[in-house]
1. For every helix of n ≥ 4 consecutive DSSP H residues, a contribution of -39,500 (n - 2.57) applies; sum these over the chain, divide by its total residues, and give [θ] at 222 nm rounded to the nearest 500 deg cm²/dmol.
2. Starting from the Cα gyration tensor of segment 63-125, take the square roots of the eigenvalues, sort them a ≥ b ≥ c, and report rounded, prolate or oblate (rounded when a/c is under 1.5, otherwise prolate if a/b is larger than b/c, else oblate).
3. How would segment 109-229 be classified by its alpha-carbon gyration tensor: rounded, prolate or oblate, with rounded meaning a/c under 1.5 and the a/b versus b/c comparison settling the rest?
4. Relative contact order for segment 3-270: what percent, with Cα pairs under 8 Å and sequence separation of 6 or more?
5. Mind checking the dipole of the chain: about its Cα centre, +1 per Lys or Arg Cβ, -1 per Asp or Glu Cβ, Debye to the nearest 20?
6. Listing MET211, MET67 from the residue with the fewest other Cβ atoms within 10 Å to the one with the most, what is the order?
7. Hey, how many Å between the Cα centroid of segment 180-234 and the Cα centroid of segment 65-132?
8. So for the pair LEU94, GLU147, with labels modelled 7 Å out along Cα→Cβ, what separation do we get in nm?
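Just so it is clear, none of the values below were taken in a lab; they were calculated from the coordinates. Note that the coordinates shown come from a computational prediction; the quantities given were computed from them, not determined experimentally. Here the Cβ is made from the backbone with ideal geometry for all residues, glycine too, and neighbour counts use every protein chain on show.
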Amino acid sequence: MRLQMLGLCRFSYLGGTGFQVKHEEIEERRAYLYDPARLARRWFWFENITLPGYIAQGDPDFTLVVMTGPDLPEPYLSQLHELTEILPQLRLALVPPMERHLDACMAAVAPHIEPGADVVGHFRQDDDDAVAVDFIQHARRDFPALEPLWSRSKRLCCDYSRGVVLKGTAEGVAVEPWVVHNTGIAQPIYLAPDAGRTAVHFQHWRVALSMPNVMMARHLMFARFLHHDNDSGAIGTGYRWPAEGADWNDLLAQRFCIDLPALDAAAREFGLPGAKRPHWGA
């Protein structure tokens, strides 16, 4: 059986809908997304939080589509092109603004779906969060045990729900151990290749209304970064896991290839307050 692992990461994509931070006009959204200071921060998070884990994946058989607009300001557009040489699994999708965000996401992902695959494990990846270095390995290894559930409707979600929440403010980065239900990170959705949908077509926090939803919390699998520029700052429904005496520098380096001291220094240098939105960090 061929299981394709296919992810979508949206990097400052300029579209009409699909965001919790609202703007009345597209030019207002463009000014917000392409603000030079914001883009500098977003690139730093992307380069230092998201990318390292994918570069170090133990199972290299995956595709990560990075979706952005063709007018993304330099130097970031050129840097994304350069990343395709560093990370051969990365595909760059330049999608013009589209009113329906899900249509734009499908336009980005569809060319990369393997028609010969039996199952496609779609996953969403925010550009400031991380998955563990063995995420792809687990998502592929665990599927055979779940296949009977998948075969009923050709839909299945596997929620790797054990992770850490990193809270970045002007005082640095605080680390909290959390098990979060359906956070959207490290949450593959297995579909048939002709399903015509991706992971983002399903609201991750209520995915159980659409398909069987299996939770696995044994391994530390995601890192969620909360900071001032988040589109959504809520942690979600969950509870803390015991982590007394944890060496976060070592754990984050081993599981995600994240340099916590460097991240902490950057948060202090950027001097960002906690986001002024309901439920931020709760």
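1. -8500 deg cm²/dmol
2. oblate
3. It comes out prolate by the Cα gyration axes.
4. Dividing the mean separation by the residue count of segment 3-270 yields 24 percent.
5. So the magnitude is around 940 debye.
6. Fewest to most other Cβ atoms nearby, the residues stand as MET211, MET67.
7. If you average the Cα positions of each part, the centres end up 17 Å apart.
8. 4.1
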